[in-house]
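The values are calculated or read from the model by the stated rules, or taken from the named source; none is laboratory data. Note that the structure is a prediction, hence the values are computed from the model and not measured. Note that we place each Cβ from the backbone using ideal geometry, even for glycine, and neighbour counts take in every protein chain shown. Protein only, heavy atoms only, side chains kept; ligands, DNA and RNA dropped before computing areas. Shrake-Rupley method; radii C 1.70, N 1.55, O 1.52, S 1.80 Å.
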Amino acid sequence: MAKSMTASLQVQHLTYGEEVDFTKIRKFRKELQAALGPKGIKLSYMPMILKATSLALLQFPMLNAHVSHDLTEMIYKGDHNLGVAMDTPSGLIVPVIKRVQQKSIIDIAYDLQDLQVASSAGKLTEEQLSGGTFSLSNIGSIGGTFMVPVVTSPNVAIGALGRIQMVPSYVDERGERASVDMIDRGQAKVAPLSLMTVSWSADHRVVDGATVGKFSNLWKSYIENPSLLAMNMR
Ligand code: COA
């Protein structure tokens with residue numbers, strides 16, 4: 001951690017935050033879990049979030065890239081090797097799920113489970129800990145609502161997920177967040193909404209905020225509409 005954070009000191013960070021409606025993906029997870037339960041697979045949100053990230057990276061390959069130390073080269077990576085920050089008895093480690101772009105949500109769930117078992121046994125290999133092209137940190141499983149993640153060079157971006165919370169919100173007749181116009185016209189009602197914050201940090205030397213914002217909008221569309229997520233999977 002000391003070495004990679006020291007290397008990150010050269011990165012000029014920009015951080016972009018967003019709120020995401022988790023209502024539909026919670027329901028989607030319950031349905032998938034009911035189907036997978038008999039097979040002995042525990043499905044957390046992470047496999048769905050990782051798949052949504054990979055689908056969004058397909059449209060924004062510059063966020064799945066490595067940048068050279070002297071900034072003369074940016075190498076777009078074909079494989080989405082997604083690091084997952086894990087809190088372990090020996091501290092933070094970031095094992096990598098390889099080639100997420102080729103995997104289903106279930107494949108990712110199996111890989112994540114294997115990495116969690118290996119990490120709690122202290123048996124992760126060098127291969128499992130290297131080659132990451134982008135990473136995600138689910139700090140919300142511990143408790144915080146918001147975190148500014150630190151980009152690990154040579155990667156150019158990283159995401160952090162906050163705690164999913166039930167909050168009162170203005171919604172329309174379908175239970176989705178109401179527009180300002182609807183609220184002004186008195187056509188919205190207040191209802192509980194499942195909400196999570198996401199924050200993306202990127203290396204501002206090579207990535208601009210608009211790119212991160214557009215990537216985040218696409219990612220959010222997959223999380224808020226799991227049917228889109230399912231539709232875009234291979
Ligand atoms: N908000 C609220 N609850 C959450 C959540 C979130 N963002 N993420 C997970 N949970 C819930 C899960 O739904 C699960 O509860 P359930 O079984 O009742 O449904 C519970 O927390 C445990 O989830 P977990 O087993 O941790 O699975 P996961 O796949 O969501 O997360 C890890 C796996 C490895 C990411 C996580 O265990 C971890 O280590 N997080 C910490 C990362 C970290 O240290 N980041 C800081 C880096 S500087």
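Below is a table of values for the structure above.
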| read-out | value |
| --- | --- |
| Residue under evaluation residue 110, criteria (1) open to solvent by less than 60 Å² (accessible area, probe 1.4 Å); (2) closer than 28 Å to residue 35 by Cβ; (3) among the aromatic types (Phe, Trp, Tyr), criterion not met | (1) |
| Residue 177 being out of contact with any helix residue (DSSP H, G or I) (no Cβ under 6 Å at 6 or more places or on another chain), farther than 16 Å from residue 45 by Cβ and touching a residue at least 24 places away in the same chain (Cβ under 8 Å) | yes |
| Out of 105, 158, 139, sole residue that is closer than 30 Å to residue 34 by Cβ, open to solvent by less than 40 Å² (accessible area, probe 1.4 Å) and not hydroxyl-bearing (Ser, Thr, Tyr) | 105 |
| Any pair with Cβ under 9 angstrom, 6 or more apart, that starts in the stretch 118-132 at a residue that is under 10 Å from residue 95 (Cβ atoms) and ends at one that is away from the ligand (no atom under 14 Å from the Cβ) and of a type in the set (Ser, Thr, Tyr) | 118/125 |
| Residue ranges of helices (runs of 4 or more DSSP H) in the stretch 119-234 with at least 3 members within 16 Å of the ligand (Cβ to nearest atom) and under 16 Å from the mean Cα position of the chain (by Cα) | 209-224 |
| Residue 87 being within 11 Å of the ligand (Cβ to nearest atom) and in contact (Cβ under 8 Å) with a residue 12 or more places away in the chain | yes |
| Residue count, the stretch 66-84 (criterion: over 16 Å from residue 158 (Cβ atoms) and part of a strand (DSSP E or B)) | 3 |
| The stretch 63-84, residues that are open to solvent by less than 30 Å² (accessible area, probe 1.4 Å), within 25 Å of residue 231 (Cα to Cα) and away from the ligand (no atom under 14 Å from the Cβ) | 63, 64, 80, 81 |
| Matching residues, the stretch 94-110, being at pLDDT 95 or above and farther than 14 Å from residue 49 by Cα | 94, 95, 96, 98, 99, 102 |
| Test for residue 183: is it closer than 23 Å to residue 50 by Cβ and open to solvent by 10 Å² or more (accessible area, probe 1.4 Å) | no |
| Single residue of the stretch 45-62 satisfying the filter (within 16 Å of the ligand (Cβ to nearest atom) and of a type in the set (A, V, I, L, M, F, W, C)) that is surrounded by the fewest Cβ atoms within 10 Å (Cβ to Cβ) | 46 |
| Meets criteria (surrounded by fewer than 15 Cβ atoms within 10 Å (Cβ to Cβ), farther than 24 Å from residue 59 by Cα and touching a Ser or Thr at 6+ places or on another chain (Cβ under 8 Å)) for residue 90 | no |
| Checking residue 9 against (1) away from the ligand (no atom under 15 Å from the Cβ); (2) farther than 20 Å from residue 231 by Cα; (3) outside any helix (DSSP H, G or I), the condition it does not meet | (3) |
| Every residue from the stretch 29-44 that is out of contact with any helix residue (DSSP H, G or I) (no Cβ under 6 Å at 6 or more places or on another chain) and assigned to a loop (DSSP other than H, G, I, E, B) | 40, 42, 44 |
| Members of the stretch 35-48 found to be more than 23 Å from the chain's Cα centre (by Cα) and aliphatic (A, V, I, L, M), listed by number | 35 |
| Those residues of the stretch 115-156 which are of a type in the set (Asp, Glu) and under 28 Å from residue 60 (Cβ atoms), in sequence order | 127 |
